[in-house]
Structures are given as structure tokens and as C-alpha cells.
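Novice: The structure under discussion is supplied below as C-alpha cells; questions concerning it will follow.
The values are calculated or read from the model by the stated rules, or taken from the named source; none is laboratory data. All values derive from a computational prediction rather than experimental measurement. Cβ: placed from backbone, ideal geometry, glycine included. Neighbour counts: every protein chain shown. SASA here: full protein model, heavy atoms, side chains in, ligands and nucleic acids out. Shrake-Rupley method; radii C 1.70, N 1.55, O 1.52, S 1.80 Å.
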Amino acid sequence: MISVLHLLQEVAQSAQAGAAGPGAPPSGGEHGFSFRDALFELIQFVGWFLSVGAIGFRFGVVRRVRGMSDDARRILAPDNAAMLGLLGVVLLLVSYFGGPLVESVSNHQAFLSALPKNRGQFESRMVFLAIALVGYLIVRASSTLGWALATVGVVIAALFPLYTGRGAGKVNAVHVLAASTWLGTLLVLSIIGIRGVLKREPSGTPRAMLVADLVNSFSPLALTAAAFVAATGLTTAWMHLKRISSLWTTGYGITLIIKLIFVLIVVVLGGWNWRRVRPTLGDLGTEETIRRSSTMELTFGAIVLICTAVLVTLPSPH
């Protein structure tokens, strides 16, 4: 991942230099690519994927599967997804506090002065992440209360810009939540669901049939979330680009093109899984097929995350 970040850094900086002319500084005095900022943005995106994906798996996948045997439920262990959700919230906290901490150390300034200027909104968002953290921690002791707290905390924290942000920030909040619901749930489904079933075959339920039920339960959630990702992604891109020529004349636009290429690959792979692989599930051996195809989808999804982490650190075109 780090090498990909460096590659995208070189592409973005070359495009910015070409657009500005030899020796010219970035327009408007805005800063260019920051590897540190991109790294913390990447950590934040992974955090949203895990924290939202755990909720998607618990309520959007396992809860929809009917007729599972007790053994199958033990293998799936939906509450195990809470551990991934917990990791996600920890990564979110690292991303929100890590950047200011590094900045305060490098600039020899107080940590509090490096935090976002709108302290009240920042603190409110952190409160909801703390609620989610507590929720995931108590899931094993009190499943209903734990999942309720985790869901409320994560969803409100993710959508917080709807109440406090402007224009593109509001749309981007929905975009991140939708993408996390789609690929984040697929990630948790692959780790907890599909891999768990492949390791141990439940008694009373054929392994291939259980995987088929999990994937079929996930499909409506994935299709709905993907539709929101497409709509909000196009809206956000247009609000930042302002004119079509920015696609090939700015570092932001060229990085966006690279991201869209990998997004298209993810969509094609998802469509392949839905139209060609999913109807065959239930037959012997198809559980391995969906494992391989979902892994490939997630791999390209990870590249999309890296591209996005670089994109959000670049200045928008004027």
C-alpha cells in the first residue's frame, strides 16, 4: 500500500507541475500532496469500512439468513464481527488524533492547538465514536445493548457532516457511509462469514448452501449501497472539478481518473459475482469460487481506498 501511495504521489505532483508550468508554485498557495495526510486518511477509510461493515454484517446479512442450525450460528459467530468493528473505531480514533499529534510534534506546538479549529463539532463526533467503542466492547456481555450503542455511535459519527458540513461535505459523508456499507460489509462477510464456514462445515447445513444464503442475504444491501456510492460519487466529483477539462489538466483530476478506473474494475467484479457466480451458489465447490472472486473484488477495493486517500489531500481545481 505504501508503494502505491508513493506512485500516486509522483503522478499527482507531475500533473500539478505540468498544469502550473515549469517552476510555478501550486495555484492559490494551496498545499500539494502530503504523504502523512494521505496515510491518516487511508487509516480513517479502513476504520469506517470495518466499523460500518461489522454492523452491515450483523443486521444486513446474518439476521436475514433463515433456518440456520445452532452449529452454523456458532461458526458464523456474528458477535465476532464486533471485534472487527472495535478495530475499526480504534483506527478512526488513531486517524483523528494521530494527524494532530504528529503535526504538533513536528511543529513544536501544543497538541490542543493542532486539533481542528471547530472544537465543539470535533468533540461531539468523538463522543459518538466513544459510544460506538463502548458498544463494541460490551457486545459479548450484552449483545442487544452493545450492537445498539455501536450502531448509533458509528452511524451518527459517519453522518455528522450532514449536520455540521456544507455542500460537498454533506454528500461525501453519505458517500463514505454507502461505500463502507458495500465493501466494508463484504470485507467482514469474507473474514467472519465465508472463511469461517470454509474452516468448519456445520452439521445439518451443507457448507455450500450456507455460503449461498450469506451471499444472497448480502446482495440487496450491496446493490442499494452501490447505487448510493455511484450517485454521491459523481455528485462529489463534479462539485470539486467545476469544469470537465480539470480531469486532464490538474493533479486532482488525473488522480480521480485513476480512481475511477479501479472503481470500474470493482463494479465489473461485483456485477460478475452477482450475475454469474451468485446463481450457481449452493453447488459443490462454489463456496471456493465466491471466496476467490470476493477476495479479488476487495483487493481492487483496497486500491480504490488508496487512490481516495491521495485524492482528498490534493487541492480542488479552481
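Novice: Quick one: which of THR249, THR255, THR235 is out of contact with any Pro (no Cβ under 6 Å at 6 or more places or on another chain), surrounded by 14 or more Cβ atoms within 10 Å (Cβ to Cβ) and modelled with pLDDT under 85?
Specialist: Working: THR255 fails: modelled with pLDDT under 85; THR235 fails: modelled with pLDDT under 85.
Exactly one residue qualifies, and that residue is THR249.
Novice: What tally of residues in region 116-167 results from selecting those that are over 18 Å from the mean Cα position of the chain (by Cα) and small (Gly, Ala, Ser)?
Specialist: 11
Novice: Sticking with this one: Just the residues that are surrounded by 19 or more Cβ atoms within 10 Å (Cβ to Cβ) and assigned to a helix (DSSP H, G or I), please, taken from region 268-285.
Specialist: If we filter region 268-285 for residues that are surrounded by 19 or more Cβ atoms within 10 Å (Cβ to Cβ), which is where we start, we get 269-270, 273, 281.
Of everything in region 268-285, those that are surrounded by 19 or more Cβ atoms within 10 Å (Cβ to Cβ) and assigned to a helix (DSSP H, G or I) turn out to be LEU269, GLY270, ASN273.
Novice: Would you be able to say whether some residue in region 74-87 is assigned to a helix (DSSP H, G or I), at pLDDT 95 or above and open to solvent by less than 20 Å² (accessible area, probe 1.4 Å)?
Specialist: Taking every residue of region 74-87 in turn, at least one turns out to be assigned to a helix (DSSP H, G or I), at pLDDT 95 or above and open to solvent by less than 20 Å² (accessible area, probe 1.4 Å).
Novice: Which residues, counting only those in region 119-162, are at pLDDT below 95 and hydroxyl-bearing (Ser, Thr, Tyr)?
Specialist: Scanning region 119-162 gives SER124, SER142, SER143, THR144.
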